[in-house]
Amino acid sequence: MSLDPTIFREYDIRGVAGENLDPQVCTRLGAAYGSMIQEQGGRRIVVGRDGRVSSPDFSQGLIAGLLGTGCEVIDVGVVTTPMVYFAVKHLEAAGGVVITASHNPAQYNGLKLRKGALPFSGEDIQALRRLAESGPFLEGRGRLVGDSGIAQEYVEEIKRRVKVEKSFRLVVDGGNGTTGLVAPELFRQMGCDVRELYCDLDGRFPYHLPDPSDEENMRDLVAAVQEYDADVGIAYDGDGDRLGLVSDGAEILSGDLILAVIAGEMLKREPGTVVFDLLSSRALIDVIERGGGVPRMAPTGYTRVMDEVRRSKALIGGEASGHIFFQDEVFDFDDGIFASAKVLEALSSAGRKLSDLVGEIPRYHSAPEIKLPCADERKFAVMDRIRECLGQRFEFVDLDGLRLEFEDGWASVRASHTSPNIALVFEARTPERLEQIQGLMMRELAECCAEEISSGVLKFEISA
């Protein structure tokens with residue numbers, strides 16, 4: 001069976017429902033994954049799904065493939081992705097699969113996989129592809145059981161591990177994703193006054209895409225925070241492994257600034273390392289160094305940040321996109337709900353408003369991420385060309401993407417692992433310097449990639 005190679009990405013499997021990904025493909029993937037897990041000595045697999053229209057059929061297809069190999073499947077139903085990760089640990093499973101396309105538009109769907117408590121990514125996913133296409137698969141009679149109690153176990157575990165000693169007025173924007181089923185009730189049980197915004201499950205995402213890294217998707221939350229005079233506004237992505245915040249001053253906080261707020265308070269109690277990805281603001285580095293911590297940069301990609309947190313035994317780590325990791329024996333994975341509870345813990349401990357803590361973070365200026373469309377099958381070759389070209393004129397950090405440091409700013413150029421584009425990010429101390437750095441880098445890229453631009457491989461526009 002031939003499968004579309006573009007659905008097999010660095011961190012997950014993701015495609016368009018009914019086009020290059022359907023229940024039959026999921027059955028094939030389930031058979032391959034079940035065979036791989038059993039060959040590694042496991043058998044029990046947790047399966048969950050998000051609220052997309054296609055997810056029930058995809059889940060049934062996946063489970064059929066798993067059962068056909070003899071796996072024991074625990075179906076936890078509609079849950080967040082981190083709840084599946086939690087269930088894998090809690091139920092001592094050998095693996096887990098979530099049917100989700102996270103923040104992508106409604107027509108997409110996909111699979112996120114685990115091998116034990118670790119991500120199933122990179123070469124694991126390519127090996128899964130090869131086996132799914134060619135076989136053979138193990139054969140057996142599996143067993144399907146349900147577990148409807150995992151949500152309450154998950155909530156109780158967060159309450160045991162996070163101490164919030166103050167009542168906060170919150171607005172929670174679930175983006176019509178799966179976090180709306182859990183987060184509002186958790187925070188009410190923690191003593192907070194919660195206003196819900198788009199917390200009903202609707203896989204069509206009628207109000208905005210569940211992606212807090214896009215400021216356009218945060219506008220309703222900003223308005224609600226102002227209307228209700230809230231202490232914090234919390235937004236999650238579609239499957240709950242990322243978050244964004246709005247302060248009581250109606251300021252939108254990206255993942256790196258959220259990390260700065262939490263890390264700043266943690267470093268007051270305990271010295272240690274803080275890990276961040278190469279797209280994170282220099283303001284975060286300033287906060288870490290000011291607090292006596294050790295800043296450590298990692299490649300962008302949640303699995304890579306998590307690996308570096310574990311390797312360096314860091315207190316905390318995260319990405320600018322909103323994935324945050326803690327040194328916690330249970331919640332050591334990216335969980336937007338757990339991370340937002342830790343934000344409240346930090347505010348409770350500090351006894352101050354979020355806007356006050358944010359006001360102490362040094363200010364830098366950044367431009368919205370620029371995405372240059374580039375064919376999936378060519379984007380990494382284009383990056384090789386850019387790396388070779390820029391290396392003749394600039395020094396840079398090469399961590400699965402380039403970060404060029406200037407005295408008063410930086411620029412990042414990287415191939416996206418989740419979409420067909422080359423992504424550009426710029427930051428500087430002043431708006432004027434930001435414009436200069438952005439103009440310089442756009443001219444350099446136009447010259448480096450003249451052949452790719454003229455052939456249409458890379459879509460590129462530059463103002464005069």
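The values are calculated or read from the model by the stated rules, or taken from the named source; none is laboratory data. Here the structure is a predicted model, which is why all the values come from computation and not from measurement. Using ideal geometry, Cβ is built from the backbone for each residue, glycine included, and neighbour counts are taken over all protein chains shown.
Quick look at the values:
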quantity: Among the residues listed as F58, F86, F8, the single one being aromatic (F, W, Y) and surrounded by fewer than 24 Cβ atoms within 10 Å (Cβ to Cβ); calculated: F8
quantity: Qualifying residue in region 410-429 (condition: over 26 Å from the mean Cα position of the chain (by Cα) and not assigned by TED's automatic domain parsing to the domain that holds Q126); calculated: yes
quantity: S340 being under 30 Å from T430 (Cα atoms), polar (S, T, N, Q) and crowded, with 24+ Cβ neighbours inside 10 Å; calculated: no
quantity: R385 being out of contact with any strand residue (DSSP E or B) (no Cβ under 8 Å at 6 or more places or on another chain) and either assigned to a helix (DSSP H, G or I) or under 26 Å from V246 (Cβ atoms) (or both); calculated: yes
quantity: Test: residue in region 298-311 that is surrounded by fewer than 24 Cβ atoms within 10 Å (Cβ to Cβ), within 20 Å of G409 (Cβ to Cβ) and in the same structural domain as I258 (by TED's automatic domain parsing); calculated: no
quantity: Candidates F426, F460, filtered to the one that is touching a residue at least 40 places away in the same chain (Cβ under 8 Å) and buried (at least 20 other Cβ atoms within 10 Å of the Cβ); calculated: F426
quantity: Filtered residues of region 355-377 (kept if part of a loop (DSSP other than H, G, I, E, B), out of contact with any Pro (no Cβ under 9 Å at 6 or more places or on another chain) and surrounded by fewer than 18 Cβ atoms within 10 Å (Cβ to Cβ)); calculated: E360, P362, R363, A367, P368, E369
quantity: Tabulated pairs, region 120-146, first in the same structural domain as I74 (by TED's automatic domain parsing), second small (G, A, S) and part of a helix (DSSP H, G or I), C-beta under 6 angstrom, 6+ apart or interchain; calculated: L128/A32; L131/A32; A132/A32; F137/A31; F137/S35; L138/S35
quantity: Any hit, region 193-209, residues being among the acidic types (D, E) and touching an Asp or Glu at 6+ places or on another chain (Cβ under 6 Å); calculated: no
quantity: Residue tally, condition of a type outside the set (D, E), crowded, with 19+ Cβ neighbours inside 10 Å and out of contact with any Cys (no Cβ under 7 Å at 6 or more places or on another chain), over region 39-55; calculated: 8
quantity: Search result, residues across region 163-180 that are in a loop (DSSP other than H, G, I, E, B), over 17 Å from D50 (Cβ atoms) and touching a residue at least 60 places away in the same chain (Cβ under 8 Å); calculated: K163, V164, E165, K166, F168
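Residues checked against (1) over 21 Å from L354 (Cβ atoms); (2) more than 19 Å from the chain's Cα centre (by Cα); (3) basic (K, R):
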| position | (1), (2), (3) |
| --- | --- |
| K166 | no, yes, yes |
| V172 | no, no, no |
| F187 | no, yes, no |
| D202 | yes, yes, no |
| D211 | yes, no, no |
| A223 | no, yes, no |
